[in-house]
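Chemist: My structure is below; once you've seen it, I'll send some questions.
The values are calculated or read from the model by the stated rules, or taken from the named source; none is laboratory data. Every value quoted in this text rests on a predicted model; they were computed, and no experiment measured them. Note that we place each Cβ from the backbone using ideal geometry, even for glycine, and neighbour counts take in every protein chain shown.
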Amino acid sequence: MNVVREDHGTAVLLVVDGQVDMHTSPELRRHLRGALEQQSSPLVADLAGVSFIDSSGLATLIEALQGVARYGGKLRLVGLAPAVKNLFQLSNLTSIFDIRESRAEALEP
Amino acid sequence: MNVVREDHGTAVLLVVDGQVDMHTSPELRRHLRGALEQQSSPLVADLAGVSFIDSSGLATLIEALQGVARYGGKLRLVGLAPAVKNLFQLSNLTSIFDIRESRAEALEP
Amino acid sequence: MTSNNSDVVEVALPSDPKYLPLVRALVEQSAEVAGFSADECQRIALGVTEGITNVMRHGYGGCTHRRIDLLLHAPTGTFRIDIRDYGRFVDPDRIRSRPLEAVRPGGLGVHLMKATMDSVEYKRNDHGGTTLTLIKHMAATPPTARPLRGEGEGEGQ
Amino acid sequence: MTSNNSDVVEVALPSDPKYLPLVRALVEQSAEVAGFSADECQRIALGVTEGITNVMRHGYGGCTHRRIDLLLHAPTGTFRIDIRDYGRFVDPDRIRSRPLEAVRPGGLGVHLMKATMDSVEYKRNDHGGTTLTLIKHMAATPPTARPLRGEGEGEGQ
Ligand SMILES: Nc1ncnc2c1ncn2[C@@H]1O[C@H](COP(=O)(O)OP(=O)(O)O)[C@@H](O)[C@H]1O
Ligand SMILES: Nc1ncnc2c1ncn2[C@@H]1O[C@H](COP(=O)(O)OP(=O)(O)O)[C@@H](O)[C@H]1O
């Protein structure tokens, strides 16, 4: 897994690539926490390059969702491949997360 | 592995996809033999979709080369990915095979 | 055993999460040999990842140098994996998925395992640990399509 | 053995060529864990394929239900695999690559194994069969760069 961070004013974009599992989710969590500490909003995770994600990846994203809520910020997801979208459905999470269709839309204030 | 055959007059194009190894080379051999029986020429193998090939795949192609020679025909290869080209180099076969850059060129009489 | 007639691939690996991609590659390839589609192979790999992650996290408490055995059995149309650990036996009643309504991190693994596989079963093994058996059948032959003989219509009713 | 401290993944599989893609996936993933580049992983997978194909073809004469064991050992910077069969011991002198000038089908496997790996070694194993050990070091630390201590300059010369 690889995470690249881009700053767009108060908005932060995390571009995630590869496989998110118990081995790699701690690194994703580090990146998310960094943005949470700065109260970034919207905090956007682009998952277009994610070929695999499991429950530990979902847990990390749910944590971030609770994190932004604490300072009234927004977390948005974008670029979900069909298999990833399916995982969110299986986990009953599609209505809980703010899932956008394009990066530009996800980065709007 | 998957092989699709296209007939272009006396020329025959075999489009090979996937992994060629001890498990799949018998099927490639069947397709090549079919074309050899009809004395097809040029007999063209497009390997653009081949992600892996080992010595049993090379042996199958050498057999076909000897087969076309028997009736004065031509065997041509096209679409070799860098890793496949490298394998031909390692095996000292680049000068023995007629390796072309495009399908159109390979199918010329 | 010097013969292997049974279409079984056996793997022993350390309980280090760095091996999870290797396990997925292995599982996806065996499921493919059994004839599953690329989508189904991915879902099976997810189910197996959840099972192994639980052994690493809960069974072995995060220790990365314990042993985990995988027995992959994939005849055409079915995929079965036994995940054997050398920890202690876990009461299956203590392993339960949480209600999905409560949105909180964690507690999704067992749910995803059950959602992706047809059968999820925990048994004590000969080494004192737990063996988790996951089974998936190909869509063409749904295991629930056959009525259970005599049930609901027998003499007793 | 209930611990596995040694970064070793052990696999036992039937001698059926249908498992070759599974073996390559496994080998590529372990080589990746050890830090090899995608290109190097592919070359290592080719070398291992040639070694296993020879066991299936020559060691077991094409029989598809004999057992082959793989021991994958991939600490950072090195990849090592032991391919253990339960056939008979083959005199390494009888296993040789042919001169490349003679263009004929067959006889390229051993050559490719040697071209892709740094070390290729055959040994008799405890089961009466042959263990083939293949080793590859990462390009950054060529194994031949270090002079052997005392050789060519010692007291005896
Ligand atoms: N192999 C195991 N050994 C012991 N306990 C387990 C095991 N697998 C699961 N459990 C228990 O079942 C619970 C639910 O597991 P799961 O749904 O995967 O959620 P999570 O692992 O995120 O807590 C775990 O919190 C744990 O208490
Ligand atoms: N595992 C093995 N057991 C017995 N003989 C072997 C084995 N591996 C290789 N050989 C012998 O070495 C020769 C060269 O092998 P190789 O270069 O792979 O070519 P090929 O397998 O195409 O003949 C083989 O023809 C065979 O006689």
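Listed here are the residues, each with its yes/no results for (1) away from every other protein chain (no Cβ under 14 Å); (2) crowded, with 21+ Cβ neighbours inside 10 Å.
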residue: A:Ala11; (1), (2): yes, no
residue: A:Val16; (1), (2): yes, yes
residue: A:Leu32; (1), (2): no, yes
residue: A:Leu36; (1), (2): no, yes
residue: A:Gln39; (1), (2): yes, no
residue: A:Leu47; (1), (2): yes, yes
residue: A:Leu58; (1), (2): no, yes
residue: A:Gly79; (1), (2): yes, no
residue: A:Leu90; (1), (2): no, no
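Chemist: How many residues are in contact with a Ser or Thr (Cβ under 8 Å, 6 or more places away or on another chain) and farther than 16 Å from C:Thr53 by Cα when one looks only at the stretch C:89-114?
Modeler: Total meeting the criteria: 2.
Chemist: More than 13 Å from chain A (Cβ to nearest Cβ) and either surrounded by 19 or more Cβ atoms within 10 Å (Cβ to Cβ) or farther than 26 Å from D:Val9 by Cα (or both): is that true of C:Met138 in this structure?
Modeler: Details: more than 13 Å from chain A (Cβ to nearest Cβ): yes; either surrounded by 19 or more Cβ atoms within 10 Å (Cβ to Cβ) or farther than 26 Å from D:Val9 by Cα (or both): yes.
Here the answer is yes, as C:Met138 does meet what is asked.
Chemist: Here is a check on your reading of the model: is B:Pro82 away from ligand 2 (no atom under 16 Å from the Cβ), touching a residue at least 60 places away in the same chain (Cβ under 8 Å) and over 11 Å from the mean Cα position of the chain (by Cα)?
Modeler: On the way: away from ligand 2 (no atom under 16 Å from the Cβ): yes; touching a residue at least 60 places away in the same chain (Cβ under 8 Å): no; over 11 Å from the mean Cα position of the chain (by Cα): yes.
So B:Pro82 does not fit the description; no.
Chemist: Does D:Leu70 meet the test of being within 12 Å of the chain's Cα centre (by Cα) and modelled with pLDDT of 95 or more?
Modeler: Numbers: within 12 Å of the chain's Cα centre (by Cα): yes; modelled with pLDDT of 95 or more: yes.
Answer is yes for this residue.
Chemist: Then there's this: Can A:Ala64 be described as at pLDDT 95 or above, within 12 Å of the chain's Cα centre (by Cα) and within 11 Å of chain C (Cβ to nearest Cβ)? Even if it seems obvious, please write down each step before you answer.
Modeler: Values: at pLDDT 95 or above: yes; within 12 Å of the chain's Cα centre (by Cα): yes; within 11 Å of chain C (Cβ to nearest Cβ): yes.
Yes; evaluated as a whole, the condition is true for this residue.
Chemist: I've got another one for you. When the residues of the stretch C:113-128 are narrowed to those that are part of a loop (DSSP other than H, G, I, E, B) and in contact with a Lys or Arg (Cβ under 7 Å, 6 or more places away or on another chain), which ends up modelled with the lowest pLDDT? If you could, list the steps in order and put the result at the bottom.
Modeler: Initially, the stretch C:113-128 is screened for residues part of a loop (DSSP other than H, G, I, E, B), giving C:117-118, C:125-128.
Next cut, in contact with a Lys or Arg (Cβ under 7 Å, 6 or more places away or on another chain) only: C:117-118, C:125, C:128.
Numbers: C:Met117: 98, C:Asp118: 98, C:Asn125: 96, C:Gly128: 93.
Result: C:Gly128.
Chemist: For the stretch C:87-116, name all the residues that are more than 12 Å from ligand 1 (Cβ to nearest atom) and free of Cβ contacts under 8 Å to residues at least 60 places away in the same chain. Break it down stepwise before answering.
Modeler: So in the stretch C:87-116, the residues more than 12 Å from ligand 1 (Cβ to nearest atom) come out as C:101-103, C:116.
Of everything in the stretch C:87-116, those that are more than 12 Å from ligand 1 (Cβ to nearest atom) and free of Cβ contacts under 8 Å to residues at least 60 places away in the same chain turn out to be C:Glu101, C:Ala102, C:Val103.
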